[in-house]
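S.K.: Questions regarding the structure given below will be posed in turn.
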Amino acid sequence: MTSGAGVVLLRAGLIIAVAGFCWVAAGLRPFTSLMYAVVAASIAGVGALAWRNRDGRVRPRIVRRDAAAWVILLGLLAVVETEAYLSSPRAEHPTLSSMVDAVMDSHPGRTAVFALWLLGGWAAFAWKRRS
Amino acid sequence: MSAGLTYAAFGLVFAALLSLEVVRGSRRSLTFGGLVCWLVARVPTLAALFLVWAWLGWHLFARGSVSFLK
């Protein structure tokens, strides 16, 4: 078996393990010690990976004009979310969180949201990017 | 705003965000990932974003997202 195939198998195994972890985590009930421990361990795990990969963090050069478009759109998102949050009833003024609630009504939905949250944290903080 | 208008507003903003990501990606310009990369390259913004991410996970899963509901 070549080293390339070994790396592929290792990555596949890791993905399956993380998916299994997300499935199990999504099945736990909120407000329980086990769920607190799982979420805390997930946060600590991402934090540990981020700390390990802190050296050589690349800071890309950006143009203010390019960043402005993102700031404006994210600001608009915040305005729509705030307007909805401050209004009631929730059925007529859905927020992002109430929409996520609908997805999280099922176990597969909660698994997907948990996996997205974990993946987002890893991608943002722990992923070691090449310069 | 009725529910339909709210969903439409969210949809428009997300469509604009997605379009910007696609255009920026094709032009090798500043994508959302690039913006995040820039933000987390500095310790203060890294710490702030990490805390926001951790808080989001805590409220969605450990506390149940019921806490978001009015």
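Okay, residues lined up against (1) at the interface with chain B (Cβ under 10 Å from one of its Cβ atoms); (2) touching a residue at least 24 places away in the same chain (Cβ under 8 Å); (3) assigned to a helix (DSSP H, G or I):
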site: A:F31; (1), (2), (3): yes, no, no
site: A:Y36; (1), (2), (3): yes, no, yes
site: A:R54; (1), (2), (3): yes, no, no
site: A:I72; (1), (2), (3): yes, no, yes
site: A:T82; (1), (2), (3): no, no, yes
site: A:R90; (1), (2), (3): yes, no, no
site: A:D101; (1), (2), (3): yes, no, yes
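S.K.: Right, another one. Test of understanding: among A:I16, A:I62, which residue is more than 10 Å from chain B (Cβ to nearest Cβ), among the aliphatic types (A, V, I, L, M) and free of Cβ contacts under 8 Å to residues at least 40 places away in the same chain?
M.R.: Matching residue, one of A:I16, A:I62: A:I16.
S.K.: Let me ask something else about it. Quick one: which of B:A48, B:A8, B:A16, B:A3 is small (G, A, S) and in contact with a helix residue (DSSP H, G or I) (Cβ under 6 Å, 6 or more places away or on another chain)?
M.R.: Step by step, each of B:A48, B:A8, B:A16, B:A3 is checked, and only B:A16 is small (G, A, S) and in contact with a helix residue (DSSP H, G or I) (Cβ under 6 Å, 6 or more places away or on another chain).
S.K.: Taking the condition of being of a type in the set (S, T, N, Q) and either closer than 30 Å to A:D55 by Cα or in contact with a Lys or Arg (Cβ under 8 Å, 6 or more places away or on another chain) (or both), how many residues in the stretch A:75-131 meet it?
M.R.: Here the count works out to 3.
S.K.: For the stretch B:54-70, which residues satisfy the criterion of being at the interface with chain A (Cβ under 7 Å from one of its Cβ atoms), outside any loop (DSSP other than H, G, I, E, B) and at pLDDT below 55?
M.R.: B:F68
S.K.: Right, next: Find the residue count for the stretch A:21-78, including only residues that are more than 22 Å from B:L46 (Cβ to Cβ), polar (S, T, N, Q) and surrounded by 11 or more Cβ atoms within 10 Å (Cβ to Cβ).
M.R.: Result for the stretch A:21-78: 1.
S.K.: Suppose we keep only residues that are part of a helix (DSSP H, G or I) and surrounded by fewer than 16 Cβ atoms within 10 Å (Cβ to Cβ) within the stretch B:42-53. Which one would you say is farthest from the other protein chains (Cβ to nearest Cβ)?
M.R.: B:P44
S.K.: Looking at the structure I just gave you, is A:R59 modelled with pLDDT under 90 and charged (D, E, K, R)?
M.R.: Yes.
S.K.: Within the bounds of the stretch A:104-120, is there any residue that is among the basic types (K, R) and exposed (fewer than 11 other Cβ atoms within 10 Å of the Cβ)?
M.R.: Checking the stretch A:104-120: not a single residue is among the basic types (K, R) and exposed (fewer than 11 other Cβ atoms within 10 Å of the Cβ).
S.K.: So if I check each of B:L18, B:L39, which one is in a helix (DSSP H, G or I), more than 7 Å from chain A (Cβ to nearest Cβ) and closer than 12 Å to A:A124 by Cα?
M.R.: Just a single option satisfies the conditions, and that option is B:L39.
S.K.: Which residue, of B:S26, B:S2, is within 7 Å of chain A (Cβ to nearest Cβ), more than 15 Å from the chain's Cα centre (by Cα) and of a type outside the set (A, V, I, L, M)?
M.R.: None of the other options fit; the residue is B:S2.
S.K.: Let me ask something else about it. Just to be sure before I move on: is B:A8 more than 9 Å from chain A (Cβ to nearest Cβ) and either in a helix (DSSP H, G or I) or not acidic (D, E) (or both) in the structure I sent?
M.R.: Considered against the rule, which asks whether it is more than 9 Å from chain A (Cβ to nearest Cβ) and either in a helix (DSSP H, G or I) or not acidic (D, E) (or both), B:A8 comes out as yes.
The values are calculated or read from the model by the stated rules, or taken from the named source; none is laboratory data. Small disclaimer: the values here were computed from a predicted structure and weren't measured. Quick reminder, even Gly has a Cβ in these numbers, built from the backbone with ideal geometry, and neighbours come from all protein chains shown.
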